[in-house]
Each structure stands twice: as C-alpha cells, then as structure tokens.
Amino acid sequence: MKKILNYLMVSALGILSLTGCQERKLFDDTEKQAIRDTIISLSDEVLGYAQNANTEGTFKYLSEDSAAVFISGGMAYNREEIISKFSKEYNAVKSQTVEPVDTRVIVFSPTSATWISVCKHHIDFKDETTMDQLLTETWIWQREAAGWRVIHYHETYMTLPDACKKATVENGVKELAKSLEGKTLKPEDMPAILTNFLKLYPEIYGSTLAFAPTAENGNVHRAAPYIYRSGKEFKQVSLPESYDYTVSEWYAVPVAAKKPVWSNPYFDDGGGQVVMITYSLPVYDKNNNLLGVLTGDLEVK
C-alpha cells in the first residue's frame with residue numbers, strides 16, 4: 001500500500017528527440033558508470049549552489065542554445081527568463097536546504113543523460129516565514145564542445161504540511177495510542193476506532209493500526225485495516241496478507257528505532273491513492289511486546 005515516492009518525469013518523446021538524431025554507438029557499462037558519476041557530481045554542485053541561493057552557480061550549466069526550454073511550476077522559460085525568475089525569488093531567501101530523497105541517473109548514449117531527483121526543500125525567508133516543499137527535478141544533460149550542459153529541465157513542486165499540522169497529527173496519534181493501552185485488540189475492532197479518530201481530527205487524511213505479524217501452523221498472518229477520507233465519507237481497505245508491510249519505511253523505521261517517526265513523502269498506492277507523509281508510532285502491550293504500528297497521514301498537495 002505504501003510505496004516510496006517514485007517520480008520519473010521523462011517522456012518517451014523527449015528521450016527519442018534527444019537521442020534519435022545522434023549517431024548511436026555502443027559503449028560498455030564502465031563508460032556508462034563514468035557518465036553517471038560525472039552527472040551526479042555536476043548535479044551535486046548545482047544543488048550546493050542552490051542551497052546558498054546562488055543564481056549564477058545554480059544555472060551555470062544551462063545550455064545557451066536559444067531553442068532550449070526550462071520548465072518550472074508549469075511555466076516555460078528560456079535561459080535568460082529562468083535566471084531572472086530565480087534571481088528575484090532568491091533575493092527573498094535567508095537560507096534554504098535541498099535534501100534529495102530519491103535520485104537516479106539514466107544514461108542514454110555517450111553524449112546524453114538524464115538526472116532525476118525527488119527532494120525535500122525547506123526555505124527560511126527574510127520576512128521570517130518558512131516553507132516546506134517537495135521538489136521533483138528532471139534535468140536532461142548533453143555533452144557539448146564546452147562540456148556537459150543542461151538542454152532542458154522540468155521542475156515541479158508541492159507544498160508539504162507545516163509544523164502546526166504535523167504537531168496536530170503527532171498529538172492525535174499519541175492520544176489514540178494512549179486510549180488503546182491495556183486493550184485486547186483485533187483487526188476487526190479497528191475500522192470503527194479509526195473512523196472515530198478521523199472524525200475527531202479532520203486534518204488527518206488516513207490511519208491504520210498495522211498489527212505485528214503472527215505465526216500459526218507455519219503461516220504468517222498480517223493485518224492492517226486502513227481508513228481514509230473520500231470527500232465527506234470514510235473508506236476502508238485491507239492489505240492482502242501476502243503484502244509484507246513490515247519492510248515499508250513507515251513500519252520498519254519506527255519499529256527499529258522504537259520511537260515515532262515521520263516518513264518521507266510517497267504515493268500511497270493501493271490505499272489512499274494520494275501523495276502523503278506518515279507519522280508512525282510503535283505500540284506495545286503491557287509486556288512490552290510489539291502490538292503494531294499506529295499511523296496518521298497528511299496529504300501532500
């Protein structure tokens with residue numbers, strides 16, 4: 001249900017137009033890896049400049065080709081326009097951090113590659129306000145006479161829930177966990193409990209108690225009834241027993257740490273079907289045995 005967020009923002013037509021007009025030649029895995037390493041190094045350099053709100057450095061590798069198009073927030077810009085846009089935006093920034101969550105490089109040929117990254121972006125503005133975003137970046141690199149240059153990039157962003165909303169979820173999940181202490185719970189008990197919980201906390205998109213697996217006659221049993229909002233109604237989905245949610249970040253990390261944890265953003269495939277972040281709290285019985293993981297989700301819009 002809860003898969004790690006995975007944005008691959010490269011269209012097939014774009015790749016074909018990039019590589020189809022070039023002479024193709026075979027190159028081995030060693031050469032591909034060398035290109036990956038180069039593109040990662042260049043992209044890390046760009047992120048470093050971005051962290052310091054340095055416009056010149058952030059865009060130093062943009063191609064000067066007048067036909068190159070750069071897309072940010074759904075709008076298309078040429079090289080001069082995108083630099084002007086970010087110069088104005090960076091002037092309002094006191095400090096910022098860009099933390100990659102999932103990054104990869106796809107090498108198409110000896111002269112073309114794409115850097116794809118999902119990043120968490122925190123901004124502290126000079127007016128003392130803050131903002132948290134989820135960025136998805138796709139940069140198409142091409143080897144030119146002057147070296148590797150970005151001939152196109154596509155950047156989109158979503159605003160992440162703020163600290164106030166996250167605090168509401170944390171308090172709500174902790175209160176629910178406290179109310180469950182000392183009770184003998186079964187999976188069939190949870191839908192009504194979780195539905196009432198969501199009614200009390202309208203900020204929370206969905207919730208589950210993912211029970212710790214049990215074994216019987218050589219069979220492993222898992223249960224995680226999930227309740228989420230659908231308009232003004234509440235819907236329920238139950239994970240198939242074959243799905244091992246114990247290896248998912250939202251379950252495995254808090255269990256290993258023995259403390260509540262916020263997940264990275266991800267698309268909730270098979271559950272709420274939205275991009276979300278999850279607050280997960282491990283719950284124990286009176287003998288300090290793991291009962292399961294209680295969660296509260298916030299939708300990322």
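The values are calculated or read from the model by the stated rules, or taken from the named source; none is laboratory data. Everything numeric in this text was worked out from a predicted model, so none of it was measured. Counting neighbours? That spans all protein chains shown, and the Cβs are built from the backbone with ideal geometry, glycine included.
Name every residue in region 211-234 that is in contact with a His (Cβ under 7 Å, 6 or more places away or on another chain) and at pLDDT below 90, in order of residue number.
214
Residues 129, 208, 138: which one is assigned by TED's automatic domain parsing to the domain that holds residue 247 and among the hydroxyl-bearing types (Ser, Thr, Tyr)?
208
Name the residues in region 249-267 that are assigned to a loop (DSSP other than H, G, I, E, B) and over 25 Å from residue 179 (Cβ atoms), would you?
Within region 249-267, 264, 265 qualify.
Please verify whether region 168-178 includes one or more residues that are in a helix (DSSP H, G or I) and in contact with a helix residue (DSSP H, G or I) (Cβ under 8 Å, 6 or more places away or on another chain).
yes
Could you please find all residues in region 144-183 being of a type in the set (Ser, Thr, Tyr) and crowded, with 19+ Cβ neighbours inside 10 Å?
Once the filter is applied, which keeps residues that are of a type in the set (Ser, Thr, Tyr) and crowded, with 19+ Cβ neighbours inside 10 Å, region 144-183 yields only 153.
Do you know which of the residues in region 111-132 that are more than 26 Å from residue 150 (Cβ to Cβ), of a type outside the set (Asp, Glu) and not in a loop (DSSP other than H, G, I, E, B) is modelled with the highest pLDDT?
125
Just for region 231-248: of the residues that are aromatic (Phe, Trp, Tyr) and either part of a strand (DSSP E or B) or touching a Phe, Trp or Tyr at 6+ places or on another chain (Cβ under 7 Å) (or both), which one is surrounded by the fewest Cβ atoms within 10 Å (Cβ to Cβ)?
234
Residues are listed down the side, and each one gets a yes or a no for (1) closer than 22 Å to residue 209 by Cα; (2) acidic (Asp, Glu); (3) in the same structural domain as residue 214 (by TED's automatic domain parsing):
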| residue | (1), (2), (3) |
| --- | --- |
| 144 | no, yes, no |
| 147 | no, no, no |
| 153 | no, no, no |
| 170 | yes, yes, yes |
| 173 | yes, no, yes |
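Would you call residue 228 within 17 Å of residue 269 (Cβ to Cβ), touching a residue at least 40 places away in the same chain (Cβ under 8 Å) and part of a helix (DSSP H, G or I)?
no
Just need a number here: residues in region 183-210 that are closer than 23 Å to residue 221 by Cβ and not in a helix (DSSP H, G or I).
Going through region 183-210 one residue at a time, the tally reaches 9.
Quick one: what pairs do we get from region 101-120, first residue farther than 22 Å from residue 29 by Cα, second assigned to a loop (DSSP other than H, G, I, E, B), C-beta under 6 Å, 6+ apart or different chains?
101/264; 118/5; 118/7
Filter region 152-168 down to the residues that are without any contact (Cβ under 8 Å) to a residue 12 or more places away in the chain and more than 13 Å from residue 262 (Cα to Cα) and list them by number.
The one that is without any contact (Cβ under 8 Å) to a residue 12 or more places away in the chain and more than 13 Å from residue 262 (Cα to Cα): 164.
Being in contact (Cβ under 8 Å) with a residue 60 or more places away in the chain and in the same structural domain as residue 86 (by TED's automatic domain parsing), is that true of even one residue in region 185-198?
Scanning region 185-198, I find no residue that is in contact (Cβ under 8 Å) with a residue 60 or more places away in the chain and in the same structural domain as residue 86 (by TED's automatic domain parsing), so the answer is no.
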